[in-house]
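Engineer: This is the structure I want to talk about, given as structure tokens.
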Amino acid sequence: MSRLQRHSWFEADARARIAGLVDANSFRELCGPHERLTSPHLAVLDLPVAFDDGVVVGEATLDGRPVLVGAQQGEFNGGAVGEIHGAKLRGLFERARRTRPAAVLLAIDSGGVRLHEANAGLIAISELMRALLAARADGIPVYGLIGGSCGAFGGMGIVARLCDALVMSEEGRLGLSGPEVIETVKGVDEFDSKDRALVWRVTGGKLRRSLGDATMLVDDDIAAFRDAARSLLARPVPARDLAALDADQRALTQRAARHADARDGLDIWRALGLPEPALIPMLDAADFNRLLAPLSPTEAA
Amino acid sequence: MNALLDRLFPTGHTVAFDGHNLSGHAASAAGRVHVIGTRDRAALTTDMALKLSQAVLDAVRADQASGDPRPIVFIASTQGQALSRHEELLGLNGYFAHMARCVDLARRSGHRLVTLIHGEAVSGGFLAFGLLADRICALPEAQVKVMDLRAMARVTKIAPERLEALAQTSPVFAPGADNYARMGAIHALWSDTDDWPQALRQAIDEAGGEDRRAELGRERGGRTLAQPVAERVAGVPLGA
């Protein structure tokens, strides 16, 4: 189906993303801006604060089924996780363990730990990871959505891969250390962060989908993210028992061996046997997905 | 590292080294334990993450057969994740997430998880492994951080003198195992004169249950907001 008017996920803020993701007018925010939960650690440095500390959490329905939703505000401090921001996300997963929604949807847009409160942020992400894993163990699926300007990096890059499935747009990026950090420490020859095409070939949605890190690749369109989330809700939740983790261990080992010399997404696409790797960045989601279909990369492939 | 292991496990251990990885078994005051970790402030790569995950999966499998999940002692010594385009391309974050899932599986399979920080524990390398244990202890001189204060000053564009001054009163951003202890993420700071086998036994005895770090951070006064904010969103008291 072609859409005459697209609403960009990339350009939207967290509340607009949620509004377009779930059933109309179904979202009820928890600890919203009226509660004025602002970071005292930013205030003490005379830095701007936000009434939601850069993350929106709450309850909604999707296709009439109850879901919990969290969405990070990339525009506030790069979506970085501080004490309150992290506690809100952790609280969302603790709530899920009690209310047992059909899923938790996590719209990630974050560079990771907020350096101004670095220790609190690191611990908060650790608590978020444990709460997410606990909700998962209780049988509640967790789905991640990545398509914002900050992508998912640092601790939030790890959190993203704890999700049962990930939806990404080409614009979304996923990794651990950002290109700027690698360039600063290791030099421009290791990673030229100004080479935007290279950055996307190493961290972007198409590369992540090709490796199986992302479950679905969609266009930068809020309705496309919504459709993807709806289809995930209809899927069985994958197991995470010893046998499943053994299988992931084998797949990740094979990936490292197969791509032992790769330094660019082009190397990966070539090794996967995709025709004309250099043209892949130009394709829209539908054409890319058609190209990839014969490979059907699965989780951790 | 051998001196550390000898002091921790005076009655014997069979810990083997594989590059920066280590794994094996030891006799502790709390019985036989698995020992898994890294040494020499390793920069964690996909290869090292796979070895750590494999060791955890092997421990779970071994004890599943016997029906007696033994404690796992993690030794954390890491300067953080390896900074490399190749590692990023492979999806180092996903290898770390897999490691975290394996640690979580071990917890759910009944293993008590204790981390000992030796040397240094930094950022991503610590987050997906040692920091996920039930009980975390820092050995003397252990350093814990996200980033150096000077690098932090550069990135945040805040004068280093100002950060130094603030660090005297606030535990939230400056490096230091004592700061992490005040915030509830390190349960005990071991001193050189402590009886380590006894301290380890206590840590193993106390390990387990729900994540109570936010509660501990509030009790110790270093992290007062995490617990009440999470509880407001959860709608229930945590750890109940």
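The values are calculated or read from the model by the stated rules, or taken from the named source; none is laboratory data. Just so it is clear, the model here is predicted, and its values are computed rather than measured. Neighbour counts are summed over all protein chains in view; Cβ atoms, including those assigned to glycine, are modelled from backbone coordinates with ideal geometry. Please note that ligands, DNA and RNA were not included when accessible areas were found on the heavy atoms of the full protein model with its side chains. Shrake-Rupley method; radii C 1.70, N 1.55, O 1.52, S 1.80 Å.
Engineer: Rounding to the nearest 10 and keeping the result within 0 to 90°, find how far the Cα-based axis of helix A:118-137 lies from the longest principal axis of chain A.
Structural biologist: Result, in degrees: 80.
Engineer: Here is a follow-up. I'd like the orientation of helix A:83-99 relative to chain A: the angle between its Cα long axis and the longest Cα principal axis, in ° from 0 to 90, rounded to 10.
Structural biologist: Orientation of helix A:83-99: about 90 degrees from the principal axis.
Engineer: Could you tell me which residue out of B:69, A:184, B:44 lies farthest along the dipole of the protein assembly as shown toward its positive end? Charges go on the beta carbon: Lys and Arg +1, Asp and Glu -1, centred on the Cα centre.
Structural biologist: With unit charges placed on the Cβ atoms, the residue in question is B:69.
Engineer: Now a separate question. Pick from A:15, A:208, A:98: which is most flexible by mean-square fluctuation in a GNM of chain A where alpha carbon atoms under 10 Å apart are linked?
Structural biologist: Largest GNM mean-square fluctuation: A:98.
Engineer: Right, something else. In whole percent, how big is the carbon plus sulfur part of the accessible area of chain B, probe 1.4 Å, protein atoms only? All intermediate terms of the calculation are to be shown ahead of the outcome.
Structural biologist: Working: 4250 of 8950 Å².
So the carbon and sulfur contribution to the accessible surface is 47 percent.
Engineer: Counting only protein heavy atoms, what percent of the accessible surface of the range A:1-96 is carbon or sulfur at a 1.4 Å probe?
Structural biologist: It is 52 percent, rounded to a whole number.
Engineer: I want the local charge near residue B:21. Using Cβ-Cβ distances under 12 Å, sum +1 for each Lys or Arg and -1 for each Asp or Glu among the other residues.
Structural biologist: Local charge sum for residue B:21: -1.
Engineer: Relative contact order for the range A:1-126 using alpha-carbon pairs under 8 Å, separation at least 6, rounded to a whole percent?
Structural biologist: 23 percent
Engineer: Distance from a point 7 Å along Cα→Cβ of residue B:150 to each backbone N in the range A:188-220: keep the residues under 15 Å and list them by number.
Structural biologist: Backbone N within reach: none found.
Engineer: Moving on. Lys/Arg Cβ at +1, Asp/Glu Cβ at -1, dipole of the range A:46-150 taken about the Cα centre: which of A:70, A:93, A:146 is farthest positive-ward?
Structural biologist: A:93
Engineer: Using a 1.4 Å probe on protein heavy atoms only, how many Å² of accessible area do B and A hide from each other, summed over both chains and rounded to 100?
Structural biologist: Looking at B and A, the buried total is near 6700 Å².
Engineer: What accessible area per residue, rounded to a whole number of Å², is obtained for the protein assembly as shown using a probe radius of 1.4 Å?
Structural biologist: About 37 Å² of surface per residue is accessible.
Engineer: For every other residue with a beta carbon closer than 11 angstrom to the beta carbon of residue B:213, add +1 if it is Lys or Arg and -1 if Asp or Glu, then tell me the sum.
Structural biologist: +1
Engineer: Another one. Counting only protein heavy atoms and using a 1.4 Å probe, what share of the accessible area of the range A:201-268 belongs to carbon plus sulfur, as a whole percent?
Structural biologist: Whole-percent figure for carbon plus sulfur exposure: 52.
Engineer: Here is a further query. Please determine, in degrees from 0 to 90 and to the nearest 10, the orientation of helix B:92-108 with respect to the longest principal axis defined by the Cα atoms of chain B, where the helix direction is its Cα long axis.
Structural biologist: 60 degrees
Engineer: Still on this structure, I have one more. Viscosity 0.890 mPa s, temperature 25 °C: what is the translational diffusion coefficient of the protein assembly as shown from Stokes-Einstein with a Kirkwood Rh over Cα pairs, rounded to a whole number of µm²/s?
Structural biologist: In µm²/s, the coefficient rounds to 105.
Engineer: Still on this model: Taking every DSSP beta bridge that has both residues in chain A, what percent is antiparallel when rounded to the nearest 5?
Structural biologist: Taking every DSSP beta bridge within chain A, about 40 percent pair in antiparallel fashion.
Engineer: Over chain B, what is the relative contact order in percent, taking alpha-carbon pairs closer than 8 angstrom and at least six residues apart?
Structural biologist: Numbers: 436 pairs, mean separation 39.1, N = 240.
Computed over chain B, the figure is 16 percent.
Engineer: If I build a Gaussian network model for chain A, linking alpha-carbon pairs within less than 10 angstrom, which residue out of A:24, A:165, A:87 has the largest mean-square fluctuation?
Structural biologist: Checking each option, the largest mean-square fluctuation is seen for A:24.
Engineer: Next question. Per residue in the range B:216-240, which ones lose no less than 20 Å² of accessible surface when going from chain alone to all protein chains (1.4 Å probe)?
Structural biologist: B:223, B:225, B:226, B:229, B:230, B:232, B:233, B:234, B:236, B:238
Engineer: Express as a percent, rounded to the nearest 5, the fraction of DSSP beta bridges in the range A:1-154 (both residues included) that run antiparallel.
Structural biologist: Around 50 percent antiparallel, to the nearest 5.
Engineer: Something else about it: Which order do the peptides B:13-19, A:99-105 take when ranked by the mean count of other beta-carbon atoms within 10 Å per residue, highest first?
Structural biologist: On the way: B:13-19: 14.4, A:99-105: 20.4.
Output ranking for B:13-19, A:99-105: A:99-105, B:13-19.
Engineer: To the nearest 20 Debye, how big is the dipole of the range A:21-86 about its Cα centre, given +1 on the beta carbon of each Lys and Arg and -1 on that of each Asp and Glu?
Structural biologist: Magnitude of the dipole: close to 80 debye.
Engineer: Rounded to the nearest 5, what is the percent of antiparallel bridges among the DSSP beta bridges in the protein assembly as shown?
Structural biologist: Values: 24 of 66 bridges.
In the protein assembly as shown, approximately 35 percent of DSSP beta bridges are antiparallel ones.
Engineer: Could you give the dipole magnitude of chain B about its Cα centre, charging the beta-carbon of Lys and Arg +1 and that of Asp and Glu -1, in debye to the nearest 20? Before the final figure, lay out the partial values.
Structural biologist: Numbers: 26 positive and 27 negative charges, 103 e Å.
It comes to approximately 500 debye.
Engineer: Can you tell which of B:172, B:185, B:160 lies farthest toward the positive end of the dipole of the range B:154-212, using +1 and -1 charges on the Cβ of basic and acidic side chains (Lys, Arg; Asp, Glu)?
Structural biologist: B:160
Engineer: Please report, in Å, the Rg and the Dmax of chain A, where both are computed over Cα atoms only.
Structural biologist: Looking at chain A, its Cα Rg and Dmax stand at 18.7, 55 Å.
Engineer: From the helices alone, meaning DSSP H stretches of at least four residues, give me the mean residue ellipticity at 222 nm for chain B, per-run term -39500 (n - 2.57), in deg cm²/dmol to the nearest 500.
Structural biologist: Value at 222 nm, helices only, nearest 500: -12500 deg cm²/dmol.
Engineer: With n ≥ 4 as the cut-off for DSSP H runs, can you work out [θ] at 222 nm for chain A, using -39500 (n - 2.57) per run divided by the number of residues, rounded to the nearest 500? Walk me through the intermediate numbers first.
Structural biologist: Numbers: 12 runs with 124 residues, N = 301.
Calculated at 222 nm, the ellipticity per residue is -12000 deg cm²/dmol.
Engineer: In addition: How long are the three semi-axes of the equivalent ellipsoid for the range A:42-83, computed from the Cα gyration tensor as the root of 5 times each eigenvalue, in whole Å, largest first?
Structural biologist: Details: eigenvalues 160, 16, 10 Å².
They are 28, 9, 7 Å, listed from largest to smallest.
Engineer: So, one more: Using the Cα centre as the reference, give the magnitude of the dipole from point charges on the C-beta atoms of the range A:215-278 (Lys, Arg: +1; Asp, Glu: -1; all else neutral), rounded to the nearest 20 debye.
Structural biologist: About 260 debye.
Engineer: Something else about it: So what is the relative contact order for the range A:62-179, in percent, with contacts set as C-alpha pairs under 8 Å and at least six apart?
Structural biologist: The value is 27 percent.
Engineer: 7 Å from Cα along Cα→Cβ at both residue A:270 and residue A:46: what's the point-to-point distance in nm?
Structural biologist: 5.3 nm
Engineer: Separate question: Using a 10 angstrom cutoff on alpha carbons, build the Gaussian network for chain B and name the most mobile of B:31, B:80, B:184.
Structural biologist: Among B:31, B:80, B:184, the largest GNM mean-square fluctuation belongs to B:31.
Engineer: For each pair in A:186/B:51; A:88/B:157; B:51/B:157, compute the distance between the two Cα atoms and list the pairs where it is over 29 Å.
Structural biologist: Details: A:186/B:51 25 Å; A:88/B:157 27 Å; B:51/B:157 38 Å.
Violating the 29 Å limit, Cα to Cα: B:51/B:157.
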